[in-house]
1. Report yes if Ala167 is within 18 Å of Leu201 (Cα to Cα), without any contact (Cβ under 8 Å) to a residue 24 or more places away in the chain and of a type in the set (A, V, I, L, M), otherwise no.
2. If you go through region 171-206, how many residues are in contact with an Asp or Glu (Cβ under 6 Å, 6 or more places away or on another chain) and of a type in the set (Asp, Glu)?
3. Which one is modelled with the lowest pLDDT among residues in region 86-133 that are small (Gly, Ala, Ser) and near ligand 2 (Cβ under 10 Å from one of its atoms)?
4. One residue is enough: does region 45-57 have a residue meeting the conditions among the polar types (S, T, N, Q), touching a residue at least 24 places away in the same chain (Cβ under 8 Å), surrounded by 14 or more Cβ atoms within 10 Å (Cβ to Cβ) and away from ligand 2 (no atom under 15 Å from the Cβ)?
5. When you scan region 5-15, do you find a residue that is in a strand (DSSP E or B), within 23 Å of Ile149 (Cα to Cα), touching a Lys or Arg at 6+ places or on another chain (Cβ under 6 Å) and of a type in the set (S, T, N, Q), even just one?
6. Just to verify a result, which residue in region 23-38, among those that are among the charged types (D, E, K, R) and in contact (Cβ under 8 Å) with a residue 24 or more places away in the chain, is farthest from ligand 1 (Cβ to nearest atom)?
7. For residues in region 58-80 being surrounded by fewer than 19 Cβ atoms within 10 Å (Cβ to Cβ) and closer than 25 Å to Gln141 by Cβ, which is nearest to ligand 1 (Cβ to nearest atom)?
8. For region 152-168, enumerate the residues that are surrounded by fewer than 19 Cβ atoms within 10 Å (Cβ to Cβ) and modelled with pLDDT of 90 or more.
Amino acid sequence: MASITLENIAKVYPGGTRAVSDINLDIADGEFIVLVGPSGCGKSTLLRMVAGLETISDGQARIGDKTVNTVEPADRDIAMVFQNYALYPHMSVYNNLAYGLKNRKTPKNEIDRRIRAAAKMLEIEQYLERKPRALSGGQRQRVAMGRAIVREPKAFLFDEPLSNLDAKLRVSMRGEIKHLQKRLGTTSIYVTHDQLEAMTLADRLVVLNAGRIEQIGTPLEVYHKP
Ligand code: ADP
Ligand code: ADP
């Protein structure tokens, strides 16, 4: 686990769009931050800069003692969960979970230990030999989370992970993520535009507007301002 520090972060895309400006944020070790705000306000850009999927135009991002700007994406110890699951269709669930660890030369027995533990936690033990297409949407999203969990990263980044699920499943998965968060205590940044998700999950909410932080506070402070 690790704290995350964002200092004067800005993003200007090659075409000249200024997507994010003057972002200053200290995220404590183990804290769960939810990023909210209208479509196009820069949530995804900010998350992708922390993940290293997007270059940082200005400012500094630190994860633990590492400065993101200067660390190769593969060495950042961050795991990201996407709304489109991003599972490999031709691989079994087991191999989807193993893939990132194999690439990092994790020993086989350690890979197996982590997969069994994550599969148990997520209740997908009985699906390990299946291909993703033989799973329901909720099961696929659990596998996507499993892939992040087995990495044992310093931080999780979630990009609207539940927005492809139907309303009922979204509610139950929201509870499961809350439960996982209590159990693992991993520092997290979670992007959503679902207010109930934000209120349930957030230690602190960060409201973005036009690329800037408009408000930071607990769900109670943000949603019940007089
Ligand atoms: P959000 O996730 O809050 O919907 P985004 O981070 O996707 O917002 O987008 C913020 C702004 O940056 C928008 O104006 C969007 O059009 C622009 N933008 C996003 N991605 C790119 C890109 N690859 N190239 C140019 N502009 C982009
Ligand atoms: P690993 O498990 O080692 O992260 P992956 O094959 O899952 O390896 O991902 C390789 C890279 O591609 C990662 O940096 C990941 O963030 C990125 N990536 C994977 N899926 C997506 C997606 N659906 N959209 C954007 N980037 C993705």
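The values are calculated or read from the model by the stated rules, or taken from the named source; none is laboratory data. Here the structure is a predicted model, which means the values were calculated and not measured. Every residue, glycine among them, receives a Cβ derived from its backbone with ideal geometry; neighbour counts consider all protein chains shown.
1. Details: within 18 Å of Leu201 (Cα to Cα): yes; without any contact (Cβ under 8 Å) to a residue 24 or more places away in the chain: yes; of a type in the set (A, V, I, L, M): yes.
Criteria met by Ala167.
2. Summing the residues that are in contact with an Asp or Glu (Cβ under 6 Å, 6 or more places away or on another chain) and of a type in the set (Asp, Glu) in region 171-206 gives 1.
3. Initial filter on region 86-133 (small (Gly, Ala, Ser)): 86, 92, 98, 100, 117-119.
Keeping just the survivors that are near ligand 2 (Cβ under 10 Å from one of its atoms) gives 86, 98, 100.
Numbers: Ala86: 83, Ala98: 97, Gly100: 89.
By that ranking, first place goes to Ala86.
4. yes
5. Scanning region 5-15 turns up at least one residue that is in a strand (DSSP E or B), within 23 Å of Ile149 (Cα to Cα), touching a Lys or Arg at 6+ places or on another chain (Cβ under 6 Å) and of a type in the set (S, T, N, Q).
6. Out of the qualifying residues, it is Asp29.
7. Step one: of region 58-80, the residues surrounded by fewer than 19 Cβ atoms within 10 Å (Cβ to Cβ) are 58-60, 62, 64-67, 69-75, 77.
Of the ones still in play, those that are also closer than 25 Å to Gln141 by Cβ are 73-74, 77.
Values: Pro73: 17, Ala74: 22, Asp77: 23 Å.
It comes out as Pro73.
8. Glu152
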